[in-house]
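The values are calculated or read from the model by the stated rules, or taken from the named source; none is laboratory data. Source: prediction; values computed, not measured. Ideal geometry is used to build each Cβ from the backbone, glycine not excepted, and the neighbour counts take in all protein chains shown.
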Amino acid sequence: MKRYQIISIIAVILSFSIALFIFNNTHLLRAAPNSDIYPQLEKFTDCLQIIEKDYVEKVSPKKLIEGAIKGMTSVLDPHSSYLTKEEYKEMQISTTGSFGGLGIEIGLRDGMLTVISPIEGTPAFKAGIKPGDKIVKIEGKPTTDMSLHEAVKLMRGPKGTKITITILRKTDEKPFDVTIKRDIIHIQSVKSMFLEPGYAYIRVRNFQADTAESIEKALKKMPSLSGLILDLRYNPGGLLEQAVEVSDLFLTKGKIVYTDGRRPEERKTFMAHAPGTFTGFPMVVLINGGTASAAEIVAGALQDHKRAVIVGTRSFGKASVQTIRPLSDGSALKLTVARYYTPSGRSIQAMGIEPDINVAQILPPKEATQAGGFIREKDLKHHLKPQGDVTKKGVTINKKAEDMIKSDYQLKYSLDLLKTWEILNAGKKAA
């Protein structure tokens with residue numbers, strides 16, 4: 001049998017298989033009875049035959065089909081993609097274990113590889129990589145038409161090895177190179193501490209399987225709170241269910257978020273429940289341009305219910321839900337299946353959460369000697385030492401918290417806001 005006849009038979013089989021897949025899995029034809037799917041499948045098989053027969057080099061059918069699937073997902077949205085078997089394994093490693101890399105969450109924005117958020121404490125964060133930075137080259141290789149997974153694969157590597165990425169930033173006229181040394185990326189979802197007696201700080205770096213449980217444990221160790229700062233800055237998101245559970249820790253009733261997709265099972269409403277709710281103290285939620293996805297669900301829910309004051313700068317603006325659909329050969333489809341909306345019905349897609357109080361991050365001025373030039377009692381020789389309790393019992397303020405407040409203007413503003421709240425409420429009660 002001639003080669004082109006074999007190719008024709010393969011193409012017909014592939015065409016039939018694709019049509020069968022559409023019928024069984026996506027119901028496209030039933031949803032659109034006048035669909036022109038058959039002519040398009042015919043065009044696909046024609047192209048497959050021509051490439052197989054006439055292309056200058058022999059190409060495997062697997063490579064062509066995978067390329068076609070990648071092409072399909074590339075015209076959908078920045079967060080949908082086809083994952084080869086190897087890429088799917090890489091994704092599972094990055095979400096469940098440790099890996100060597102830079103520590104940045106990336107996505108496609110306006111067709112360009114864009115930093116959603118550097119993960120706090122990682123090499124990328126320490127190197128000054130910022131949300132919104134465009135990665136135009138990786139080791140001199142242009143990222144134009146590069147998939148997210150290709151980019152991730154290039155940036156991953158053994159601890160201690162260096163990589164140079166070329167960044168285009170809005171505030172700079174020309175791209176510039178940043179050389180970063182890779183490290184093992186361990187992501188601890190939650191950290192907590194007291195900033196001052198009664199004023200707690202909880203930082204959520206991402207939303208993984210144990211995030212809500214970790215926050216609940218931290219809150220149970222913080223009795224009689226005067227105020228709480230929930231820091232969601234540089235949080236690229238994570239699991240939708242965890243965002244719902246975290247929001248539910250602070251809300252007694254009402255909607256947390258609802259999703260809307262084409263399929264009935266993607267239309268869900270998530271509600272708050274009174275049991276297990278932590279109330280009785282004011283809250284500030286800190287956000288910035290690196291706050292995305294699941295983190296925006298929490299900020300939007302607490303803002304709409306007026307449970308917290310949102311402080312910082314506008315968030316990233318990703319209001320879509322993705323699911324992973326494994327395929328029979330070990331590959332997978334990462335597919336956007338729904339949009340989500342805040343309790344009041346807001347869509348923040350490509351808009352972001354606008355803070356209640358817009359506070360840009362600024363570097364604190366260098367402190368003058370002797371607290372701004374004033375000589376105080378403690379500066380005098382042989383001054384008397386204080387007696388009695390100067391802090392609340394049971395709360396230890398560490399040097400790390402003091403340093404954080406001094407170096408983080410948005411955090412200091414949030415703490416001052418909570419303290420003002422308590423003072424005003426105390427004044428009302430006294431009156």
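When you look at A299, is it touching a strand residue (DSSP E or B) at 6+ places or on another chain (Cβ under 9 Å), assigned by TED's automatic domain parsing to the domain that holds P343 and farther than 19 Å from P355 by Cβ, yes or no? Step through it out loud before you land on a result.
Details: touching a strand residue (DSSP E or B) at 6+ places or on another chain (Cβ under 9 Å): yes; assigned by TED's automatic domain parsing to the domain that holds P343: yes; farther than 19 Å from P355 by Cβ: no.
So A299 does not fit the description; no.
Assess whether A371 counts as being exposed (fewer than 15 other Cβ atoms within 10 Å of the Cβ), closer than 30 Å to D260 by Cα and at pLDDT below 95.
On the way: exposed (fewer than 15 other Cβ atoms within 10 Å of the Cβ): yes; closer than 30 Å to D260 by Cα: no; at pLDDT below 95: yes.
Criteria not met by A371.
Quick one: in segment 166-196, of everything that is over 21 Å from the mean Cα position of the chain (by Cα) and of a type in the set (V, I, T), which residue is modelled with the lowest pLDDT? Once the filter is applied, the top-ranked residue is T171. Of the residues making up segment 301-316, none is among the hydroxyl-bearing types (S, T, Y), more than 30 Å from I405 (Cα to Cα) and surrounded by 19 or more Cβ atoms within 10 Å (Cβ to Cβ). Does any residue of segment 273-294 turn out to be in a helix (DSSP H, G or I) and touching a strand residue (DSSP E or B) at 6+ places or on another chain (Cβ under 7 Å)? For segment 273-294, residues in a helix (DSSP H, G or I) and touching a strand residue (DSSP E or B) at 6+ places or on another chain (Cβ under 7 Å): present.
Scanning segment 219-251 for residues being of a type in the set (G, A, S), buried (at least 21 other Cβ atoms within 10 Å of the Cβ) and in a loop (DSSP other than H, G, I, E, B) gives a total of 1. Scanning segment 93-152 for residues that are among the aromatic types (F, W, Y) and farther than 23 Å from L333 by Cβ yields one hit, F125.
Taking the condition of being more than 30 Å from N425 (Cα to Cα) and modelled with pLDDT of 95 or more, how many residues in segment 272-290 meet it?
The first filter runs over segment 272-290 and keeps only residues more than 30 Å from N425 (Cα to Cα), leaving 289-290.
Narrowing the set further to residues that are modelled with pLDDT of 95 or more leaves none.
Matching residues across segment 272-290 total 0.
Using the structure shown, decide if G107 is assigned by TED's automatic domain parsing to the domain that holds S147, surrounded by 13 or more Cβ atoms within 10 Å (Cβ to Cβ) and within 25 Å of the chain's Cα centre (by Cα). Walk me through it before giving the result.
Values: assigned by TED's automatic domain parsing to the domain that holds S147: yes; surrounded by 13 or more Cβ atoms within 10 Å (Cβ to Cβ): yes; within 25 Å of the chain's Cα centre (by Cα): yes.
Judged against the criteria, G107 is a match.
Considering only segment 141-160, state which residues are surrounded by 12 or more Cβ atoms within 10 Å (Cβ to Cβ) and more than 24 Å from the chain's Cα centre (by Cα).
Restricting attention to segment 141-160, the residues satisfying the condition of being surrounded by 12 or more Cβ atoms within 10 Å (Cβ to Cβ) are 141, 143, 146-157, 159.
The one that is surrounded by 12 or more Cβ atoms within 10 Å (Cβ to Cβ) and more than 24 Å from the chain's Cα centre (by Cα): K141.
Of the listed requirements (1) under 30 Å from F278 (Cα atoms); (2) of a type outside the set (S, T, Y); (3) surrounded by 14 or more Cβ atoms within 10 Å (Cβ to Cβ), G254 misses just one: (3). The set of residues in segment 43-77 being surrounded by 14 or more Cβ atoms within 10 Å (Cβ to Cβ), over 30 Å from G107 (Cα atoms) and among the acidic types (D, E) consists of E52 alone.
Rundown of residues vs (1) over 37 Å from the mean Cα position of the chain (by Cα); (2) at pLDDT below 90; (3) assigned by TED's automatic domain parsing to the domain that holds Q322; (4) of a type in the set (D, E, K, R), yes/no style:
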site: S17; (1), (2), (3), (4): no, yes, no, no
site: I22; (1), (2), (3), (4): no, yes, no, no
site: H27; (1), (2), (3), (4): no, yes, no, no
site: Y38; (1), (2), (3), (4): yes, yes, no, no
site: E42; (1), (2), (3), (4): yes, yes, no, yes
site: I51; (1), (2), (3), (4): yes, no, no, no
site: L76; (1), (2), (3), (4): no, no, no, no
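Quick check: anything in segment 322-332 at positive phi and out of contact with any Pro (no Cβ under 6 Å at 6 or more places or on another chain)? Working first, answer last.
Initial filter on segment 322-332 (at positive phi): 330.
Applying the additional criterion that residues be out of contact with any Pro (no Cβ under 6 Å at 6 or more places or on another chain) yields 330.
Within segment 322-332 (the criterion being at positive phi and out of contact with any Pro (no Cβ under 6 Å at 6 or more places or on another chain)), the answer is yes, since at least one residue qualifies.
Might you check whether a residue that is touching a residue at least 12 places away in the same chain (Cβ under 8 Å) and either assigned by TED's automatic domain parsing to the domain that holds Y234 or of a type in the set (K, R) (or both) occurs anywhere in segment 58-70? Looking for residues that are touching a residue at least 12 places away in the same chain (Cβ under 8 Å) and either assigned by TED's automatic domain parsing to the domain that holds Y234 or of a type in the set (K, R) (or both), one finds at least one in segment 58-70, hence yes. Taking segment 340-351 as the range and being in a loop (DSSP other than H, G, I, E, B) and either free of Cβ contacts under 8 Å to residues at least 40 places away in the same chain or in contact with a Phe, Trp or Tyr (Cβ under 6 Å, 6 or more places away or on another chain) (or both) as the test, the residues that pass are G345, S347, Q349, A350, M351.
Here are some residues: A212, A200. Which one is in a helix (DSSP H, G or I), aliphatic (A, V, I, L, M) and crowded, with 16+ Cβ neighbours inside 10 Å? So that I can check it myself, show each step before the final result.
Numbers: A200 fails: in a helix (DSSP H, G or I).
Residue meeting the stated conditions: A212.
Number of residues in segment 295-334 that are in a loop (DSSP other than H, G, I, E, B) and among the hydroxyl-bearing types (S, T, Y) equals 4.
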